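What follows is one structure encoded as structure tokens, with my remarks underneath.
The numbers here are math on the coordinates, done by the rules we state, and not lab data. None of the values given here were measured: they were computed from a predicted structure. Positions of Cβ are backbone-derived with ideal geometry, glycine not excepted, and every protein chain shown enters the neighbour counts.
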Amino acid sequence: MPADIQVSGLTGYKNGYITLTYGKNTSYNDRQDTITIVCGNLSRNIFVNQSGIMTIVSVKGMIGNMMTNRADSVYIQFSRPVKSMQITSNWQLCLSDIKVSPFEADNSVKFSYNCADLGGNYPFTIRFEDFRGIWFTEEISVPFYKAKLEVNGYMNSFILINDQKEALIPMINPDKLIRYSIEKDSVMKVYDLSDRISPKNLVYDPYRSKVYIIGSKPGTTYIYTDYTEPLQVLDLKTDKIEKGFEIPDDPTDHAQHPTNVPYNMAIRKSVRAVVFLKSPAISSLKPGLFIRNK
């Protein structure tokens, strides 16, 4: 007797009833069991067929490439063949034409979705019909990332260092710098900047293995606060952060609104770099300042 089928009785006399009880098919594959009833020289077979579970087994968001005209798209794989499908985007902040590609042999399908941003998560309602004519509806959320790092604070930006094997992520509230290994998919180190600077911008010097940290006063809780502080420098060779070079005073500067606050840099292979200066109070820029980069 098959393990998934229970029979109310194995013997009988004259007219009677037999009750078959079978468990739910919890796999993706169809299954078939056979029960044979024998009475004297007569025998009859009862076939019990159960379809596998019909569901979505995998979803993935895939960022496109504008250079190759490849649109952002969503990959869905079903547990069984699908006859027809309806897709509804539940993201109300963007409207996008959805173009569905033909189904593949592994019951997967792709459709275009041009509203996605890297790091986002987008909801859809998927209605699909199997070849028995039965309709199903599932709500899915499609991530456009491989993994997500949860951290305390607000991320301003990031830069890639060491041949793009690592990333440096400036954070505010609290002020810190996260060093992240892309190869190992893990945090390597967190630098405390609470007594130094609230980081807004990072500039990588690959020639001397240094990172210049530019930002505002420590303790800033607003991302768009102006640049106000002197540079801080992370030396990747010694793994230490030190105060950077001093910007020379400009005797023509306004006393209340000086324009010698660094907001960006241009790194050169030579020992000279360009520091771009800007006043926190006005929008105009000051000509770049050449400094020696030791």
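Largest first and in whole Å, what are the equivalent-ellipsoid semi-axes of the chain based on the Cα gyration tensor, each being the root of 5 times an eigenvalue?
Here the semi-axes work out to 67, 21, 17 Å.
Rank Q164, P143, Q92 by how far each Cα sits towards the positive end of the charge dipole of the stretch 87-218 (+1 on Lys, Arg Cβ; -1 on Asp, Glu Cβ) and give me just the farthest.
Q164
Given points 7 Å out from each Cα along the Cα-Cβ axis, report the W91 to I140 separation in nanometres with one decimal.
1.4 nm
Express the Stokes-Einstein translational diffusion coefficient of the stretch 56-143 in µm² s⁻¹, to the nearest whole number, given a Kirkwood radius over alpha-carbon pairs, 4 °C and a viscosity of 1.567 mPa s.
Approximately 96 µm²/s, per Stokes-Einstein.
First measure r as the distance between the Cβ atoms of K83 and T34, then evaluate 1/(1 + (r/R0)^6) with R0 = 22 Å and state the FRET efficiency to the nearest 0.05.
0.20
So if each residue of separation counts as 0.36 nm, and I subtract the Cα-Cα distance between I46 and Q164, what length gain in nm does that give?
36.1 nm
Among the lysines, which fall within straight-line cross-link reach of K210, defined as a Cα-Cα distance under 19 Å, with same-chain neighbours fewer than 8 residues apart omitted?
Excluding near neighbours in sequence, the set is K165, K176, K189, K200, K237, K240, K243, K269, K294.
For K24, list the lysines whose Cα falls under 24 Å from its own Cα; do not include residues on the same chain fewer than 8 positions away.
K83
Within a Cβ distance under 14 Å of F136, other residues only, what is the Lys/Arg minus Asp/Glu net charge?
Once all neighbours under 14 Å are counted, the net charge is 0.
Does the stretch 36-88 come out rounded, prolate or oblate, given a ≥ b ≥ c as the square roots of the eigenvalues of its C-alpha gyration tensor, rounded meaning a/c under 1.5 and, failing that, prolate meaning a/b above b/c?
prolate
Name the shape class, rounded, prolate or oblate, that the alpha-carbon gyration tensor gives for the stretch 174-234, where a ≥ b ≥ c are the square roots of its eigenvalues, rounded holds for a/c under 1.5, and otherwise prolate holds if a/b is larger than b/c and oblate otherwise.
It comes out oblate by the Cα gyration axes.
Would you mind finding the longest exposed-site-free stretch of the chain, with exposed GluC sites (Glu not before Pro) meaning DSSP loop and at most 13 other Cβ atoms within 10 Å?
Maximal segment without exposed cleavage sites: 1-103.
Sort by residue number and report every cysteine in the chain with no other cysteine beta carbon within a distance under 4.7 Å.
If one checks each Cβ against the other cysteines of the chain, C39 turn up with nothing under 4.7 Å.
Please give, to one decimal in nm, the separation of the simple spin-label points placed at Y22 and V57, each 7 Å out from Cα toward the Cβ.
2.1 nm
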